[in-house]
Amino acid sequence: METQLRRREQEFASRRELLSAQLEAAIFSANERDNEALMRNQEARKEVRAAKRAAADYVLNDAQRREFSLKAGWCARYYHLFIALGLGPVDEDVREEASVWTESFGITPGEGETHESIVKRIDAVFVEAAKRPVASYEVETSLVPSPSDLDDDGGEPAPESEPVDSAKTSLPTSLNPSWPTNFRHAVSVEIAMRHLVAARIEQRVVVALADTRRANVLARLRRSTTTSSTDDSSALSDDEMNEFHFRRAWLRLMWARAREAGIDLGIADEREDHWLARMKVMTSPEMKDPSHFKRDALAIDKGLKELRSTLVESRLWRQV
């Protein structure tokens, strides 16, 4: 009996040692897996931080800074119009977007300044720049394209994006000397702009301005005691004309940027010259015939469709 008990005790002891060894091995294996997962997580975090630093350190060249400054002005303008015209719910996020892009563009609103007056200040910058002669601005030579902009075969730019060799530009400098400077700024304004385009902000602004004009005409007709032989309900309002002045300026400046970036050379030259000429004619004090403004509005609409259908803005973005 004692012999059997000792044998069982030995068997139990052996099993305990075996189970203890297996448990230790399992714990060690689990710890190893946890350590590997932790190391992979740390490596991934390092890569993300490195990517963010690289994006922040990617300095835009002079032409890119001018382009994205204009896009910031575009975003600021349409966010303010969104609020002023009541095109949708206005929450803190919308107001913040309007404020951010206004500041980025380089305009500081005065105390109590309305959204409409801010839009007019932005318009003035664009229209004035779009009326300037071709390549009338000095290029900042300290912000030239880096060698990484060249192809891998010997230092010449790729044929489809060969920039025009010029010490001048048609694009105005940024009103904000500290914005934009890097790739992160470029990404943020590109996202905001694409969001507004996807929301069809331009079309909604035109519809809202036309509705306001028709409502004002009907109100005047109700108050009038005499009948008028002329119908001014089809004549564009001042706000509508300002809208198309801005769009015309945008067309001129974007085609100028395309020309300088080597996109669709020949076509871009012709389009820049065309919209520059139209800019001078349509903003002239002598231009008062409403029919000219209506025809020009249709031409501008076609021009914007051409700009988008040829993917000029997208192709500019791919060069960044």
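The values are calculated or read from the model by the stated rules, or taken from the named source; none is laboratory data. Remember, it's a predicted structure, so these values are computed and weren't measured experimentally. Note that each Cβ is placed from the backbone with ideal geometry, even for glycine, and that neighbours are counted across all protein chains shown.
Would you mind stating whether Ala277 is surrounded by 15 or more Cβ atoms within 10 Å (Cβ to Cβ) and not basic (Lys, Arg)?
Numbers: surrounded by 15 or more Cβ atoms within 10 Å (Cβ to Cβ): no; not basic (Lys, Arg): yes.
No.
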Seminar exercise, completed: Note on segment 276-320: residues assigned to a helix (DSSP H, G or I), over 22 Å from the mean Cα position of the chain (by Cα) and not aliphatic (A, V, I, L, M) are Arg278, Lys280, Pro290, Ser291, His292, Phe293, Lys294, Arg295, Asp296
Exercise. Which condition breaks for Gln319 when tested against (1) free of Cβ contacts under 8 Å to residues at least 40 places away in the same chain; (2) surrounded by fewer than 19 Cβ atoms within 10 Å (Cβ to Cβ); (3) within 30 Å of Asp62 (Cβ to Cβ)?
Worked result: (1)
Exercise. Pairs, please: C-beta under 8 Å, at least 6 apart or cross-chain, first residue over 11 Å from Thr169 (Cα atoms) and in segment 239-261, second in a helix (DSSP H, G or I) and among the hydroxyl-bearing types (Ser, Thr, Tyr)?
Worked result: Asp239/Thr212
Exercise. Across segment 56-115, which residue is nearest to Asp211 (Cα to Cα) among those that are among the polar types (S, T, N, Q) and surrounded by 20 or more Cβ atoms within 10 Å (Cβ to Cβ)?
Worked result: Thr102
Problem set entry | Verdict on Phe246 being in a helix (DSSP H, G or I), more than 25 Å from the chain's Cα centre (by Cα), assigned by TED's automatic domain parsing to the domain that holds Ala210 and aromatic (Phe, Trp, Tyr) | no
Exercise. Do you know which residues across segment 160-178 are closer than 11 Å to Tyr137 by Cα and at pLDDT 90 or above?
Worked result: Thr169, Ser170, Leu171, Pro172, Thr173
For this session: Evaluate segment 262-274: report whether one residue or more is among the aliphatic types (A, V, I, L, M), touching a residue at least 24 places away in the same chain (Cβ under 8 Å) and within 22 Å of Met241 (Cβ to Cβ).
Result: no
For this session: Would you check if there is a residue in segment 261-271 being closer than 16 Å to Lys302 by Cα and surrounded by 16 or more Cβ atoms within 10 Å (Cβ to Cβ)?
Result: yes
Problem set entry | Matching residues in segment 288-302 - criterion: being aliphatic (A, V, I, L, M) and out of contact with any Phe, Trp or Tyr (no Cβ under 8 Å at 6 or more places or on another chain) | Leu298, Ala299
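In this structure, is Arg65 at pLDDT 85 or above, farther than 30 Å from Asp239 by Cβ and assigned by TED's automatic domain parsing to the domain that holds Glu190?
Answer is yes for this residue.
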For this session: Scan segment 103-120 residue by residue and report those that are under 20 Å from Ser178 (Cα atoms) and part of a helix (DSSP H, G or I).
Result: Glu103, Ser104, Phe105
For this session: Test Gly262 against the criterion of being in contact with an Asp or Glu (Cβ under 6 Å, 6 or more places away or on another chain), at positive phi and at pLDDT 90 or above, and give yes or no.
Result: yes
